[in-house]
Structure formats: C-alpha cells, structure tokens
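Below is one structure, written out as structure tokens; the observations come after it.
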Amino acid sequence: MANWRDYMKKVLLGSTAIVAAGMIASAPSAFAAEKMKLSVGGYMEQWFGFTSQDDATGQDYSGFSTVSDGEIHFKGSTKLDNGIKIGVNVQLEAQQGGDQIDEQYMTVSGGFGQIIIGDENSALYKMHYAPNDFGIGINSGDVTAWNQPLEDAEGDSISKGSSFRAPFGGTYIEPDAINDAAKISYFTPRVSGFQLGLSYAPDGKQDDNDQPNRDAVNSDYVMVGANFVQKMGGMSVGISGGYGTVTDAADGGDEPEATSFGIKMGMGGVSAGVSYANFSDSGSKDAEGINAGVAYSSGPMGVSVAYYHGEKDGSGTVAAGTLDGQAEVDAFHLSAKYAMGPGVTLAGTLGHSTYSSDDVDIDNSVDESEATYFVMGLKLGF
C-alpha cells in the first residue's frame with residue numbers, strides 16, 4: 001500500500017510538471033491579452049424554522065430558530081495569448097466568528113485540463129456525486145442545527161462531532177476531515193464521459209505557509225477522484241468514486257483513509273441517487289454514511305425526498321466499559337423549492353432526525369434524541 005501511495009504522489013507531481021512545461025514552451029514573446037478583471041458574486045441563505053423535541057430540567061430546545069449562511073466571492077480571470085486561462089477565487093465568509101476567508105485559490109485551465117492551487121477542496125470531494133436535495137442539506141451536516149441532544153447530570157451528551165467533511169454527517173468527505181487545506185490538484189479533460197482528478201496536500205492546515213513537521217502531524221495527503229457522466233437515450237447517468245489517504249502519519253499513528261462512491265440517474269424531471277462514504281484508520285473519526293434520495297422538478301418547482309444514515313465508532317469498547325464518542329444518526333427530509341426569479345429560490349423542509357449512542361458515559365435517559373422540524377428559507381445566488 002505504501003508503494004502505491006508513493007506512486008500516486010509521483011504521478012500527481014509528474015503530471016503537473018509536464019503541464020507546466022507545456023505552458024512555458026507555448027508562451028508567446030509579446031502580450032496581447034487583457035489584464036485580469038475582477039467580479040463579485042456569492043450566495044446567502046436565511047432559514048427560519050420550528051423544532052419539536054424532548055426536553056429535560058434546564059434544557060428546552062423546542063421552538064423557533066434561525067440559521068444563516070453566506071459568502072461573498074471575488075473572482076477574476078484572463079485568457080493568455082496562448083489560449084491558457086488563468087483564474088483567481090477568494091471567498092469571504094459573511095457570517096464567521098473565526099476564519100474570515102473560506103477558500104482562496106488560483107486556476108490554470110486549457111486543453112490539458114485544469115490545475116487548482118490554494119485552499120480548496122480536493123478531487124475526492126469535488127468529483128463526488130450524491131442525490132439531489134432541495135431543502136436544508138441532509139448530506140452536509142446541516143441536520144445538527146435542528147436536533148440538539150440533551151445533557152445528563154454529568155454534562156455528557158451524544159457527540160455530534162465529525163459531522164463536517166466526514167461520513168458521520170455527509171458523503172462529501174476529505175481524509176482526516178481536512179476540508180480546505182492548502183493543496184494542488186489536477187483535473188484531466190473529460191473524454192467519452194470520463195474525468196480523473198488528483199490532489200496533494202503537504203498537511204491538513206489552511207491559511208498556513210509553514211513547512212509541516214512530519215514527525216508531529218499527519219502529512220503528505222494524496223486524494224484521487226473519478227467520475228463518468230453520459231446520456232443514454234432519455235436517461236442521464238453519473239457515477240463517481242474516490243479515495244484519499246495520509247502517506248506519512250505522525251510518529252506512532254495510523255494513516256487515515258477515506259473512500260466514497262456515488263451514482264445519480266435522471267429521466268425527464270425525475271432523478272434518483274445513492275452515495276456512500278467511509279473513514280478507516282482515522283481513530284475516533286472512523287465512520288460510514290449513506291445517502292439515498294429521489295427528486296422531481298418541473299419548471300421553477302421541485303420536490304425531493306432524502307434519507308441519511310451515519311455512524312461513527314468512537315474509541316474503546318462496550319465490553320471494557322470504555323466506549324467513548326460512538327453515535328448514530330438517521331434523518332428523513334421531505335423538501336420543496338420554488339424559483340421566484342433569477343438567483344432567488346424559496347425552499348422548505350419537513351424533517352425528522354434521531355441521534356443515538358452506546359457511549360458508556362451517557363446516562364440512558366439521554367442516549368437518544370429525536371427531533372421533528374419544519375424549516376423555510378430563501379436561497380440567493382449572485
């Protein structure tokens with residue numbers, strides 16, 4: 001396995017070097033291209049909903065709530081005289097208490113494919129397919145906003161951690177849940193429906209230019225993704241698969257692995273899909289998740305039904321009385337959307353979710369949390 005991982009790193013770096021050499025060789029001696037121009041875009045979502053769930057002394061999470069999400073995107077691009085297109089993308093968080101910049105990266109595109117350099121998701125994430133979902137995201141960890149597990153007398157509760165970029169909360173994953181770590185990715189052109197992507201990240205850090213101490217942290221992440229899209233008569237089919245791992249674990253540690261698969265099919269206004277993701281050798285983050293859904297859209301309207309199941313192992317065992325952090329989640333969503341105008345969509349979700357756990361530290365009175373919620377919101381794209 002180690003030799004295969006070393007080979008994948010060499011393939012990624014070698015293919016990137018070949019593309020770069022081709023770009024230099026084709027560079028003209030004079031410049032007629034225009035200087036890069038900047039545009040502004042982004043999105044905003046504002047949700048308002050009601051949740052009904054069990055309560056306890058001093059804990060009542062039933063009632064109305066609001067959830068917000070948004071980003072401002074600064075984009076620029078220019079096409080060089082040799083036909084190569086250079087782009088930049090900087091994404092500013094509209095609501096964030098910590099890191100104000102979400103993603104920032106450059107792109108180099110041409111007949112050879114595309115290179116992405118910077119803080120952006122990997123090929124494993126970007127090439128993944130999952131079912132359509134028209135309301136709040138059942139396959140992205142958004143369920144955590146509408147179901148709050150209760151605490152027992154000692155302050156212990158079901159763990160909702162590792163829901164983001166991890167199989168417990170979604171099938172769009174990254175190894176070790178590293179998210180927007182600085183990396184370099186290469187995507188081939190799509191040929192006969194097939195496309196391949198490769199990514200490399202020195203470590204799991206974002207917004208950090210320091211050389212990683214490979215004895216102290218997981219390093220040298222390699223991710224690969226592939227998908228196939230094709231129309232067959234009146235049916236469209238999309239299939240994806242991806243794998244990611246750490247090739248140099250911190251001293252004494254395991255090398256986390258991430259795997260995902262997805263399939264989507266559509267005919268007319270009807271679509272259906274299934275996606276799966278798995279973490280292994282990731283310690284307490286070891287988990288798997290599956291998402292299934294069916295959707296129908298006609299003109300400005302759409303309806304979707306979706307299900308998500310995630311479970312994480314935690315650490316320790318029940319037999320030894322040391323199981324910690326183990327949890328499962330099951331969620332069902334009935335969602336609808338209506339496009340009110342360009343970039344303006346009204347959406348809603350009626351959902352039910354259940355968190356449960358065999359964690360030995362959690363009292364039996366709070367080892368399950370059920371919630372039913374109805375949420376409405378506006379989704380803006382600009």
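The values are calculated or read from the model by the stated rules, or taken from the named source; none is laboratory data. What you see is a predicted model, and the numbers here were worked out from it, not measured in a lab. For neighbour counting, all protein chains shown are included, and Cβ atoms are generated from backbone atoms with ideal geometry for every residue, glycine included.
Going by what's in this entry, would residue 155 be described as assigned to a loop (DSSP other than H, G, I, E, B) and in contact (Cβ under 8 Å) with a residue 12 or more places away in the chain?
No; evaluated as a whole, the condition is false for this residue.
List the residue pairs whose Cβ atoms are under 9 Å apart, where the first residue sits in region 291-305 and is more than 23 Å from residue 276 (Cβ to Cβ), the second is assigned to a strand (DSSP E or B) and of a type in the set (D, E, K, R), and the two are 6 or more positions apart or on different chains.
297/337; 300/337; 301/337; 302/337; 303/337
Conditions first: (1) touching a residue at least 60 places away in the same chain (Cβ under 8 Å); (2) surrounded by 18 or more Cβ atoms within 10 Å (Cβ to Cβ). Residue 91 passes all but one, so which condition is the exception?
Tallying (1) touching a residue at least 60 places away in the same chain (Cβ under 8 Å); (2) surrounded by 18 or more Cβ atoms within 10 Å (Cβ to Cβ), residue 91 fails exactly one: (1).
Within region 182-236, track down each residue that is surrounded by fewer than 20 Cβ atoms within 10 Å (Cβ to Cβ), in contact with a strand residue (DSSP E or B) (Cβ under 9 Å, 6 or more places away or on another chain), of a type in the set (D, E, K, R) and in contact (Cβ under 8 Å) with a residue 12 or more places away in the chain.
Passing the criteria: 190, 205, 207, 208, 214, 220.
For residues that are small (Gly, Ala, Ser) and in contact with a Ser or Thr (Cβ under 7 Å, 6 or more places away or on another chain), scanning just region 307-344, find the one that is farthest from residue 356 (Cα to Cα).
339
Can you tell me which residue within region 117-136, out of those that are of a type in the set (Ser, Thr, Tyr) and assigned to a loop (DSSP other than H, G, I, E, B), is farthest from residue 308 (Cα to Cα)?
Checking each candidate, the answer is 122.
Taking the condition of being acidic (Asp, Glu) and either at negative phi or free of Cβ contacts under 8 Å to residues at least 12 places away in the same chain (or both), how many residues in region 267-290 meet it?
Result for region 267-290: 2.
Among the candidates 94, 56, which residue alone is over 24 Å from residue 370 (Cα atoms), at pLDDT below 95 and among the hydrophobic types (A, V, I, L, M, F, W, C)?
Every option except 94 fails the conditions.
Step by step: first the residues of region 349-369, then only those that are among the acidic types (Asp, Glu) and loosely packed, with under 15 Cβ neighbours inside 10 Å, then the one that is nearest to residue 55 (Cα to Cα). Which residue is that?
By that ranking, first place goes to 363.
So, of the residues in region 111-162 that are closer than 24 Å to residue 89 by Cα and of a type in the set (Asp, Glu), which turns out to be nearest to the chain's Cα centre (by Cα)?
Filtering first and then ranking leaves 120.
Go through 288, 311 for me and flag whichever is touching a Lys or Arg at 6+ places or on another chain (Cβ under 9 Å), at pLDDT 95 or above and of a type in the set (Asp, Glu).
One residue alone meets the criteria, 288.
Filter region 298-310 down to residues that are crowded, with 19+ Cβ neighbours inside 10 Å and not aliphatic (A, V, I, L, M) and give me whichever is nearest to residue 177 (Cα to Cα).
Ranking the candidates gives 310 first.
Can you name the condition, by its number, that residue 323 falls short on among (1) of a type in the set (A, V, I, L, M, F, W, C); (2) surrounded by 16 or more Cβ atoms within 10 Å (Cβ to Cβ); (3) at pLDDT 95 or above?
Residue 323 satisfies all of (1) of a type in the set (A, V, I, L, M, F, W, C); (2) surrounded by 16 or more Cβ atoms within 10 Å (Cβ to Cβ); (3) at pLDDT 95 or above except (3).
Quick one: in region 247-268, of everything that is of a type in the set (A, V, I, L, M) and modelled with pLDDT under 95, which residue is surrounded by the most Cβ atoms within 10 Å (Cβ to Cβ)?
Once the filter is applied, the top-ranked residue is 249.
Can you say whether residue 369 is touching a residue at least 24 places away in the same chain (Cβ under 8 Å), over 30 Å from residue 75 (Cβ atoms) and in a strand (DSSP E or B), as far as the supplied structure shows?
yes
Applying the selection to region 248-266, what residues are more than 14 Å from residue 166 (Cβ to Cβ), in contact (Cβ under 8 Å) with a residue 24 or more places away in the chain and small (Gly, Ala, Ser)?
249, 250, 253, 262, 266 - these are the residues of region 248-266 that are more than 14 Å from residue 166 (Cβ to Cβ), in contact (Cβ under 8 Å) with a residue 24 or more places away in the chain and small (Gly, Ala, Ser).
Look through region 335-345, keep the residues that are aliphatic (A, V, I, L, M) and within 14 Å of residue 297 (Cα to Cα), and return whichever of them is farthest from the chain's Cα centre (by Cα).
Among residues in region 335-345 that are aliphatic (A, V, I, L, M) and within 14 Å of residue 297 (Cα to Cα), the one farthest from the chain's Cα centre (by Cα) is 339.
Might you let me know whether region 120-138 holds any residue that is of a type in the set (A, V, I, L, M, F, W, C), farther than 27 Å from residue 266 by Cα, touching a strand residue (DSSP E or B) at 6+ places or on another chain (Cβ under 9 Å) and surrounded by 23 or more Cβ atoms within 10 Å (Cβ to Cβ)?
For region 120-138, residues of a type in the set (A, V, I, L, M, F, W, C), farther than 27 Å from residue 266 by Cα, touching a strand residue (DSSP E or B) at 6+ places or on another chain (Cβ under 9 Å) and surrounded by 23 or more Cβ atoms within 10 Å (Cβ to Cβ): absent.
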